[in-house]
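Undergrad: Before anything else, here's the structure in question.
The values are calculated or read from the model by the stated rules, or taken from the named source; none is laboratory data. Nothing here was measured: the structure is a model prediction, and the numbers come from that model. Cβ atoms come from the backbone with ideal geometry, glycine included; neighbour counts cover every protein chain shown.
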There are 2 protein chains.
Amino acid sequence: MQRTPRIDNLQYANWSEKIFRQMREGGVDAVHVTIAYHENFRETVLNFEQWNRWFEQYPDLIMKGQWASDVQVAQDTGRTAIFFGFQNPSPIEDDIGLVEIVHSLGARFMQLTYNNQSLLATGCYEDEDSGITRMGKQVIKEMNRVGLVIDMSHSGDRSTIEAADISERPIAITHANPYEWCPALRNKKDDVIRAVTQNGGMLGFSVYPHHLKDKSDCTLESFCEMIARTAEKFGPDRLGIGTDLCQDHPDSVVEWMRVGRWSKQIDYGEGSAAAPGFPPMPYWFEDNRDFDNIENGLKAAGFSPEEAAGIMGGNWHRFYAENFGPK
Amino acid sequence: MQRTPRIDNLQYANWSEKIFRQMREGGVDAVHVTIAYHENFRETVLNFEQWNRWFEQYPDLIMKGQWASDVQVAQDTGRTAIFFGFQNPSPIEDDIGLVEIVHSLGARFMQLTYNNQSLLATGCYEDEDSGITRMGKQVIKEMNRVGLVIDMSHSGDRSTIEAADISERPIAITHANPYEWCPALRNKKDDVIRAVTQNGGMLGFSVYPHHLKDKSDCTLESFCEMIARTAEKFGPDRLGIGTDLCQDHPDSVVEWMRVGRWSKQIDYGEGSAAAPGFPPMPYWFEDNRDFDNIENGLKAAGFSPEEAAGIMGGNWHRFYAENFGPK
């Protein structure tokens, strides 16, 4: 019988052989990696090209992931399947035809917004959330048609709830935590999580310190206890992991993530002038080798081995199988 | 037992429901269609997008073709599988990484040149053919790796022979005829055809009048007799059809094909100032409904039913199976 796969549904690292080897050491069968923050279509294609080079260079460590079945292929061959996603709709520019094009190239998740207002919806940092736009409604329909998953991790509450309602297929919050546990702008209130999960959508828990109670000092116990409380409310089957691991990047990269080309002024996002860079990770999750810590923590928090395995990847795997292609 | 598929390995029509229905009436199981003459990458992507719209609009008539097995799917479902190709390497611009990207999007043939010198090789209209360029050698290797077929229909003789030698997989002349039968600049001398076919490559016979003996007045008998002579020299298994059907286009399109953006002066290519437009097709092949004429003509010229079926599509189908993906 095939072991339940271990999946991290959000990472954005400074990719290297070292990190790919750590994925193997951590028994990670699949990772959803971000390949666009503010890139336009052509720039995003360059990022697909860069990954093609890595697949050529490290064929024993990683492989391109397109379908749920690729997670099994990766398991069977001792590799990690890499699935692509965008944290912003910038890659499709103003062209709805690009939705199918980026799906053909392998994109499987796309956020409708990244903090700011986009052509499609409102980001969580805007003062006013005006909901899904005219183009947004069309793009949601097209994403549903081809099997590109709507990710609302960085969107405003109203936009997220509207997206969950408008979408005819489950959507995702790939990397965020409950606002109740840690009231950060990026974390999600119960009604938002409910709107997403009640339609078969998924919530991936983030380990990015700005999303954690006590930030870098957050304990594993607190994190897993929070997951247990969330499972009580929304069921353990709609939950997974999306660590938001941003390993080995210089701080200039977090500036690009926050500011892109949209402002001449620095915007610190979740950071501050006093702490503008990437925050240090909690001691119990520094890189891909630490997933056992989380799985053990979940069991200590009361989850059965099956439930814990589901949260560690089984649930994302089922979600992949249902949502990565035409219905 | 599955009927040998009927494949036309080159068309560039003004696509419409009418033409898709004619494909069905003509029992055409697969067509390799040109989607770029001078388009850059982004413009080519718009052409992929246009085809995606047609696949959505006419799901009962056509389907996207990516693999040889799709030809069988098309047969089983009564549709025509559409395979994509470029008549110029303009879609990959100066970026070798785009070779795999366009393959992921579905491109299966790419000419290294279209009449003129390109970044990769020399076209058949240049005075000097300097052979495969430095970038050309790298791109051939990359096309071999991913399974994008090298098409030399519009290339110079030296470039074609060099490409056949350098390429580690079979290449193709998708649409041209022997120079011996009709000494047009676009037709191919025996040593060129030999270089291509002796390594498992294919020659597709063109019905475009400028490539025919007596042009629009060419008889079916003369055309099929020419195929019989070519089969005697190079074997019947390396031969197929690539009609170069350019149906329903206004003459402005042939001007775009010939001049693109590379000249401010008109260039008549195979035409002339007196006859600048598309030439009239021969009476025995006006559109997709006329493939029976060719198949019957082949039998009348002495081919066995099996050999005729191979030339009408079986040979291309085998070539597709061997060359449309990584080895």
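Undergrad: Among the numbered criteria (1) more than 14 Å from chain A (Cβ to nearest Cβ); (2) among the hydroxyl-bearing types (Ser, Thr, Tyr); (3) in contact with a helix residue (DSSP H, G or I) (Cβ under 7 Å, 6 or more places away or on another chain), which single criterion is violated by B:TYR12?
TA: Failing condition for B:TYR12: (3).
Undergrad: Taking A:GLN72, is it under 28 Å from A:ASN315 (Cα atoms), more than 13 Å from chain B (Cβ to nearest Cβ), in contact (Cβ under 8 Å) with a residue 24 or more places away in the chain and of a type outside the set (A, V, I, L, M)?
TA: yes
Undergrad: Take B:ARG42 and tell me if it is over 17 Å from B:PHE109 (Cβ atoms) and without any contact (Cβ under 8 Å) to a residue 12 or more places away in the chain.
TA: yes
Undergrad: Also, quick follow-up: Search the range A:94-118 for residues being within 10 Å of chain B (Cβ to nearest Cβ) and either touching a Cys at 6+ places or on another chain (Cβ under 6 Å) or part of a loop (DSSP other than H, G, I, E, B) (or both), and hand back the single one that is surrounded by the most Cβ atoms within 10 Å (Cβ to Cβ).
TA: Among residues in the range A:94-118 that are within 10 Å of chain B (Cβ to nearest Cβ) and either touching a Cys at 6+ places or on another chain (Cβ under 6 Å) or part of a loop (DSSP other than H, G, I, E, B) (or both), the one surrounded by the most Cβ atoms within 10 Å (Cβ to Cβ) is A:GLY106.
Undergrad: Taking only the range B:38-81 into account, find how many residues are of a type in the set (Ser, Thr, Tyr) and over 21 Å from the mean Cα position of the chain (by Cα).
TA: Number of matching residues: 2.
Undergrad: Being assigned to a helix (DSSP H, G or I), under 17 Å from A:PRO209 (Cβ atoms) and touching a helix residue (DSSP H, G or I) at 6+ places or on another chain (Cβ under 7 Å) is true for just one of A:GLY297, A:GLY269, A:GLY310. Which residue is that?
TA: A:GLY297
Undergrad: I'd like to know if the range A:110-124 contains one or more residues that are farther than 30 Å from A:LEU46 by Cβ and either without any contact (Cβ under 8 Å) to a residue 60 or more places away in the chain or among the polar types (S, T, N, Q) (or both).
TA: Within the range A:110-124, not a single residue is farther than 30 Å from A:LEU46 by Cβ and either without any contact (Cβ under 8 Å) to a residue 60 or more places away in the chain or among the polar types (S, T, N, Q) (or both).
Rundown of residues vs (1) over 19 Å from B:PHE324 (Cβ atoms); (2) small (Gly, Ala, Ser), yes/no style:
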| position | (1), (2) |
| --- | --- |
| B:GLU43 | yes, no |
| B:GLU56 | yes, no |
| B:ILE82 | no, no |
| B:PHE86 | no, no |
| B:ILE92 | no, no |
| B:ASP95 | yes, no |
| B:SER104 | no, yes |
| B:ASN115 | yes, no |
| B:LEU120 | yes, no |
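Undergrad: Still on this model: Looking at the structure I just gave you, is B:THR80 within 14 Å of another protein chain (Cβ to nearest Cβ) and surrounded by 20 or more Cβ atoms within 10 Å (Cβ to Cβ)?
TA: Judged against the criteria, B:THR80 is not a match.
Undergrad: Restricting to the range B:273-288, and then to whatever is at pLDDT 95 or above and aromatic (Phe, Trp, Tyr), can you tell me which residue is nearest to B:GLY27 (Cα to Cα)?
TA: Residue satisfying both the conditions and the ranking: B:PHE285.
Undergrad: Tell me the residue from A:GLY123, A:GLY97, A:GLY147 that is touching a Pro at 6+ places or on another chain (Cβ under 7 Å) and not hydrophobic (A, V, I, L, M, F, W, C), please.
TA: None of the other options fit; the residue is A:GLY147.
Undergrad: Oh, and also: Please go through the range A:18-46 and give me each residue that is of a type outside the set (D, E, K, R), in contact with a helix residue (DSSP H, G or I) (Cβ under 9 Å, 6 or more places away or on another chain) and part of a helix (DSSP H, G or I), ordered by number.
TA: A:ILE19, A:PHE20, A:GLN22, A:MET23, A:PHE41, A:THR44, A:VAL45
Undergrad: Sticking with this structure for a sec: Does any residue of the range A:49-60 turn out to be within 11 Å of another protein chain (Cβ to nearest Cβ) and in contact with a strand residue (DSSP E or B) (Cβ under 6 Å, 6 or more places away or on another chain)?
TA: yes
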